[in-house]
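Reading through the structure tokens given below for one structure.
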């Protein structure tokens, strides 16, 4: 079974890589029960996964539109990406995208998983179907780097829960006649939990601006109290600006980014020391990064 993988090491062209991917799908399906990570180490399959990652990143690669899907991980749907969306690789359908994400996750191949997560993040912003796929895969495979962004995307869309025996709604993952995405009760609970936690996080941030250390020269050549007061007034005013309030109450990241933009446009006519202004700006960006890193945890069940 594994003898076919090694000869492909010498072939870096697309035609031979297609066969590697086809064989790899079949072999991983047969050996999942034995622990994919161990088999990758023992049989050198990491090269094959590296090759997949490199090949799908080729701008003109036909690999993902020409490969047969025949794999046990196939999604029941097979629809093209939204028109006008340019990706580094030509992902031909939902089934193959699902296969590659599952393959990377089961085999714990970080590079391939990061590449595929990057692709599906681009897609889910343009399509409810891809957003639902991202959310479902993040739950099924416990993909932390995908969970936060996927749930945040769905949280901003109209959804409805399909109860057992309810024949008036389509299947999960489809959109009903009112434009609502059909999800299950557990997903709905995660969304509600995330919404509650994010709104609480924003209220805490709004009342407590990110701290920063004043420059040593601030106290010596500047009125440090005035510097602090200027920062507090800016934060209080801009967190209530029309641009910020136009964003969703739970869109903490979007609101913080808007405050950062307002800060850059604040101008020089302030009572803040120049070095303190730079430190305050860094504190805003660090807070954005912190919320992004913690985002998946907001959607964990209680």
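Coordinate-derived values only; no laboratory data. Keep in mind that this is a model prediction, so the values were computed, not measured. Counting neighbours? That spans all protein chains shown, and the Cβs are built from the backbone with ideal geometry, glycine included.
Modelled spin-label separation between residue 232 and residue 217, with each label point placed 7 Å from Cα along the Cα-to-Cβ direction: 2.6 nm.
Straightening the chain between residue 261 and residue 172 buys 28.2 nm, computed as 0.36 nm per residue apart minus the Cα-Cα spacing.
The distance between label points at residue 245 and residue 192 comes to 2.8 nm (points 7 Å beyond Cα on the Cα→Cβ vector). Potential lengthening of the chain between residue 185 and residue 286 amounts to 32.9 nm, from the contour at 0.36 nm per residue minus the alpha-carbon distance. The modelled label-to-label distance for the pair residue 161/residue 294, using points 7 Å beyond Cα in the direction of Cβ, is 2.7 nm.
Counted by neighbouring Cβ atoms within 10 Å, the residues 154, 145, 253 run from fewest to most as 145, 253, 154. Going from the residue with the fewest nearby Cβ atoms within 10 Å to the one with the most, 186, 178, 54 rank 178, 186, 54. Counted by neighbouring Cβ atoms within 10 Å, the residues 199, 287, 98, 168 run from fewest to most as 168, 199, 287, 98.
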